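The values are calculated or read from the model by the stated rules, or taken from the named source; none is laboratory data. Small disclaimer: the values here were computed from a predicted structure and weren't measured. Glycine gets a Cβ as well: all are built from the backbone with ideal geometry, and neighbour counts include every protein chain shown.
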């Protein structure tokens with residue numbers, strides 16, 4: 001992919017609903033060129049924008065990495081069942097002792113436990129293990145390509161609305177609005193109004209209110225292979241509890257770090273990383289353990305992603321590109 005495409009994608013990563021006039025001005029191209037190229041990338045399944053419903057501050061969601069053992073078998077029916085489950089926000093087939101890994105969000109620990117029980121009852125499932133997330137020190141929505149310079153990034157980041165997480169009363173348009181934004185996070189206010197059977201002005205006010213209250217978030221999905229990150233790996237690390245914060249700050253220098261989740265389980269830090277090559281899987285582990293040995297970091301296990309099945313509300317093909325939208329309840 002050429003540099004101008006990467007810059008365009010980063011513009012939308014930083015400001016998912018920025019008008020094409022602003023994106024064009026940042027990149028020094030015409031708005032028609034920017035919009036046309038985005039449409040081409042989107043049609044190819046290389047990029048997509050999704051609006052996510054966020055859990056309210058008074059009832060935060062519970063998250064977990066769920067490992068599924070199928071005895072090394074590709075379990076097509078299990079994949080389909082999990083991919084279409086709205087509580088599964090990410091699903092991948094992996095190497096090592098875990099055949100599948102699902103990132104799951106639920107309204108409570110009880111619901112999470114019920115989910116694990118249902119998974120255990122699926123055909124071809126031999127065992128289920130769970131890593132309950134207690135904190136997130138890095139999340140995928142904050143990651144970007146860094147193809148823009150500081151001035152360009154600053155202009156786009158300045159468009160983000162101020163957030164003040166508060167309780168917000170439900171509105172009659174909410175269900176239809178979230179459904180429409182899940183399909184196309186860049187849909188116009190008029191398109192959203194048509195989907196919600198209301199006016200564009202009403203939709204605009206409600207969308208801004210949801211964003212400012214922290215109940216709505218937009219994210220840009222991308223195909224890893226197309227942007228130069230064909231390899232994805234997950235590292236399971238043990239870190240002294242009193243060093244977690246220092247370790248988390250140090251990890252932010254890793255270019256492809258997508259997520260760093262503190263968990264309650266046999267490992268207390270799970271890292272999700274995008275890499276340029278298979279050789280980088282070992283190189284990164286050496287870098288982490290060498291640089292952070294003084295903080296007691298020990299990587300106990302690792303897994304390479306063989307295929308990503310569900311990512312950011314989309315079913316992905318074998319080439320990593322989006323094929324179809326899939327249901328997602330809430331994004332943690």
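Here are a few things to note about the model shown:
- Candidates 206, 219, 186, 163, filtered to the one that is touching a helix residue (DSSP H, G or I) at 6+ places or on another chain (Cβ under 7 Å), part of a loop (DSSP other than H, G, I, E, B) and in contact (Cβ under 8 Å) with a residue 24 or more places away in the chain: 163
- The residues listed here are 215, 205, 169; of these, the one that is at pLDDT below 95 and surrounded by fewer than 15 Cβ atoms within 10 Å (Cβ to Cβ) is 169.
- If the condition is being without any contact (Cβ under 8 Å) to a residue 60 or more places away in the chain and more than 22 Å from residue 92 (Cβ to Cβ), then region 250-285 contributes 250, 253.
- Every pair of residues 6+ apart whose Cβ atoms lie under 6 Å, when the first sits in region 315-332 and is at positive phi while the second is surrounded by fewer than 19 Cβ atoms within 10 Å (Cβ to Cβ) and modelled with pLDDT of 95 or more: 320/225
Every residue, every condition in (1) under 26 Å from residue 47 (Cβ atoms); (2) assigned to a strand (DSSP E or B); (3) out of contact with any strand residue (DSSP E or B) (no Cβ under 8 Å at 6 or more places or on another chain); (4) modelled with pLDDT under 95, yes or no:
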position	(1), (2), (3), (4)
235	no, yes, no, no
244	no, no, no, yes
250	no, no, yes, yes
261	yes, yes, no, yes
274	yes, yes, no, no
280	yes, no, no, no
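- Test: residue in region 11-26 that is touching a residue at least 12 places away in the same chain (Cβ under 8 Å), in a loop (DSSP other than H, G, I, E, B) and under 18 Å from residue 316 (Cα atoms): no
- In this structure, residue 299 does not qualify as assigned to a loop (DSSP other than H, G, I, E, B) and in contact with a helix residue (DSSP H, G or I) (Cβ under 8 Å, 6 or more places away or on another chain).
- Residue, nearest to the chain's Cα centre (by Cα), within region 263-280, restricted to residues that are surrounded by fewer than 20 Cβ atoms within 10 Å (Cβ to Cβ) and under 26 Å from residue 223 (Cα atoms): 276
- Of all residues making up region 166-183, the number that are part of a loop (DSSP other than H, G, I, E, B) and in contact with a helix residue (DSSP H, G or I) (Cβ under 8 Å, 6 or more places away or on another chain): 3
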